[in-house]
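Here the structure comes first, spelled out in structure tokens, and everything after it is commentary.
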Amino acid sequence: MKNNWPLWEVFIRSKNGLSHKHVGSLHAADSAMALENARDVYTRRNEGVSIWVVESNQIVASDPDDTDSFFEPARDKVYRHPTFYNVPDNVKHM
Amino acid sequence: MSLNYLLQMGDNALILGHRLGEWCGHAPELEIDMALTNLALDFTGQARTIYQQVAVLEGQGRTEDDLAYLRDAWEFRNVLLVEQPNGDFAHTIVRQCLYDCFNYLLYEALCSSRDEWMVAFASKSIKEIAYHQRFSTEWMLRLGDGTETSHQKMQAALNNLWIYAGELVSPNQVDIEMCEKGFGPDLDRIRPLYFEKLHELIAKATLTSPSVEWMQQGGKEGKHSEHLGHLLAEMQFLQRAYPGLEW
């Protein structure tokens with residue numbers, strides 16, 4: 001049975017206004033079961049108000065081998081942060 | 001409010017909760033293990049609340065623990081269905097489904113009881129019970145309408161447990177008295193709703209309702225199957241062997 005049930009990733013919104021966060025994964029035969037399993041495994045201590053489940057194989061992940069070209073170039077570009085710039089004193093509402 | 005009425009409710013919850021707890025560490029999947037023990041904890045929690053109320057109304061100094069651990073089998077008023085052994089997963093699901101379908105109708109009615117405590121308790125518990133029913137009916141449909149093997153196992157479980165469904169909706173003297181006072185529902189009115197709900201679900205699960213009409217009874221009067229004694233021997237062992245032990 002274990003081999004037949006696909007893996008699902010679970011995302012929980014802890015309270016209204018916050019975004020869903022990845023909390024872990026589980027096995028389930030289909031989406032309805034995945035949702036109920038997520039309720040039983042991940043929200044028994046009042047962790048959430050909303051659950052998303054998505055089949056793990058539907059997630060496209062970046063390749064660790066691409067780290068250099070993907071992320072390295074952003075490291076020395078501090079000017080992309082708004083805090084890099086001095087705001088003139090007479091500019092309001094920033 | 002009749003203490004025996006509360007004990008009927010509380011004992012159902014405690015014994016079924018214990019049975020479900022027996023699955024802890026043994027369920028076919030980690031996720032189901034968690035689901036069944038969640039149900040067990042819901043039932044145990046309900047039993048505690050009811051026993052606490054019995055202790056208050058009784059005023060004899062007995063506690064919830066005394067009621068759970070120091071009564072013998074003939075003092076328990078749970079229906080026969082809930083003490084039936086877990087068997088395979090199919091038996092556990094069918095037992096749960098037969099119980100949840102009734103339990104939801106019962107608690108729905110208790111939400112408009114004339115007893116204030118009962119209304120508060122039922123209104124809180126019905127949310128848990130609604131989830132129990134969702135869980136067990138979902139599995140009933142999945143396994144009944146699943147593979148050839150799962151279908152056979154579910155049908156066998158249904159055939160074995162069917163005779164215990166009737167007791168749930170057969171009023172005894174206590175039920176009748178509570179109904180007359182407006183504290184509890186009329187089980188004669190719930191019976192057709194219950195069986196209609198079951199037949200519909202069983203058909204949807206591509207299973208066949210057993211044609212047996214004779215139903216086993218006695219639990220509510222303290223006449224139990226031999227299974228309850230074994231269950232209590234395990235559940236009560238510690239308090240019997242070391243009276244008053246706490247940790």
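Taking label positions 7 Å along the Cα-Cβ direction at both B:LYS127 and A:GLU72, the computed distance is 5.3 nm, reported to one decimal. Across chain B, the longest piece that holds none of the trypsin sites (Lys or Arg not before Pro) lying in DSSP loops with up to 15 other C-beta atoms within 10 Å covers B:115-180.
The ranking of A:HIS27, B:HIS26 by Cβ neighbour count inside 10 Å, starting from the fewest, reads B:HIS26, A:HIS27.
Compared with the dominant principal axis of the Cα atoms in chain B, helix B:30-58 is inclined by about 30°.
A Förster radius of 35 Å combined with the Cβ-Cβ distance from B:HIS227 to A:ARG13 puts the calculated FRET efficiency at roughly 0.20. By the count of neighbouring beta-carbon atoms within 10 Å, fewest first, B:TRP74, B:TRP162, B:TRP139, B:TRP117 end up ordered B:TRP74, B:TRP117, B:TRP162, B:TRP139. Take the alpha carbon atoms of region B:179-221, find their center, do the same for region B:103-123, and report the distance between the two centers in whole angstrom. Value for the Cα centre distance between the two parts: 19 Å.
Taking trypsin sites (Lys or Arg not before Pro) in DSSP loop states with no more than 14 other Cβ atoms inside 10 Å as exposed sites, chain A has its longest site-free stretch at A:46-74. With each label modelled as a point 7 angstrom along the Cα→C-beta vector, the B:LYS204-A:LEU35 pair spans 1.5 nm. Remark: relative contact order (chain B) = 25 percent; criterion is Cα-Cα distance under 8 angstrom and separation of 6 or more residues. Counting charges near B:TYR69 (Lys, Arg +1; Asp, Glu -1) among other residues having Cβ under 15 Å from its Cβ returns a value of -4.
Readers should treat all values here as calculations from the given coordinates under stated rules, not as data from a laboratory. Everything numeric here is computed off the predicted structure, so don't read it as measured data. Please note: Cβ atoms are built from the backbone with ideal geometry, for glycine as well, and neighbour counts cover all protein chains shown.
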